[in-house]
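These notes concern the structure reproduced below.
Values in this text are rule-based calculations from the coordinates and carry no lab data. Everything numeric in this text was worked out from a predicted model, so none of it was measured. Using ideal geometry, Cβ is built from the backbone for each residue, glycine included, and neighbour counts are taken over all protein chains shown.
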Amino acid sequence: MSLADRSDGILETHVQWDEVEKRMQEAFGTTATFGPNKSVKNIGEGNGFMSRISLINPDWQNKSEGLPDSFVAKICTALTMVDSSAQKKLSFDTDLVIEKILQMCATGHNVEVETYKIMEKYSEGRIPLPRIYASRKFSDENKTKGYLLMEYLPDLTPCHIVDNISIDAMKKVLRSIAIWQGIGMKMTEEEKSIYSTTFLSDDFCDLFAPQMIEQFNDKLQSFCGEEHSKLINEYHDLMIESCSKENYMKLDALPDKLGYKKVFVHGDLWSTNILWTKPNEDYEIRAHIDFQ
């Protein structure tokens, strides 16, 4: 079984209800149990492809004070990517690419788990984050069950790439960036060791190997038709040149070449990886998520 296989757990993942119940009991020091009317809803559909974002209503029985009425389980899985690829009639027909994607899923999840711990340790509440109740990383003994159990933040408003935000809202984002780059300078060498500084040359050159570019080019040709063939072929040649191992190694080495100190970054910072509210005409940050 792998992260690309369906199972009988929450939203067809390998993570079971009883494990989530136990972890929440441990997190809150309670003997309350999930009830017969517990429910789950996929609230992340259409956003991202390496997890299922599950809004859980536990229907607490013998509920004690302080227990959340609902919470989010971010479950690492490749099912979203598999389903999306099937809908778009894409195929990953090389074992190397499939293995690399599953490896990136697991590695990315483990990095996110550790990043929330580091943020909690160093940020002193200066960066808006959801509260993490419990988590489980992948390991040699655990290949299929990786998750984060976290606070559910209601009344959010999506902010897409085409939406505008104010200068004041952007300043708050920039402040968060400055804080976590500063955190990177305080981290121990052991804490830094989980983060890759050769991500592009280690991973992306396999994902964008020539055979994958050829496959994608064929899909574009069939979708766009003969009238765009010349433009698509130019794009194909540019991709082959840009996605070479040599070019990715140059990009990974760019900070050293320019004399810049490497800093701690989000890894995937754009508007949909920030949770926003909109109490008036402007967006306000509620929390940063999806560190990679």
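Annotation for GLN16 and LYS262: the two label points, set 7 Å from Cα along the Cα-Cβ direction, are 4.0 nm apart.
Which value at 222 nm does the chain reach when only helices count, each DSSP H run of 4 or more adding -39,500 (n - 2.57), with the total divided by all residues and rounded to the nearest 500 deg cm²/dmol? Walk me through the numbers on the way to the answer.
Values: 9 runs with 115 residues, N = 292.
That comes out to -12500 deg cm²/dmol.
As a length-normalised measure over Cα pairs under 8 Å and 6 or more apart, the relative contact order of the chain settles at 18 percent.
Taken as Cα centroids, the stretch 104-127 and the stretch 259-292 sit 14 Å apart, rounded to the nearest whole angstrom. Between the exposed loop cleavage positions of the chain, defined as chymotrypsin sites (Phe, Trp or Tyr not before Pro) in a non-H, G, I, E, B DSSP state with at most 15 neighbouring beta-carbon atoms within 10 angstrom, the longest gap is 1-259. Counting only lysines at least 8 places from LYS278 when in the same chain, those with an alpha carbon closer than 25 Å to its own are LYS41, LYS74, LYS171, LYS172.
Between the alpha-carbon centres of the stretch 60-85 and the stretch 1-55 there is a gap of 4 Å. Convex hull of alpha carbon positions in the stretch 201-245: directionally averaged projected area 2.8 nm². Spin-label pair ILE98-LYS38: with each label point 7 Å from Cα along the Cα-Cβ axis, the two points sit 3.2 nm from one another.
In a DSSP loop and with at most 14 other Cβ atoms within 10 Å, the GluC sites (Glu not before Pro) in the stretch 228-292 are GLU281.
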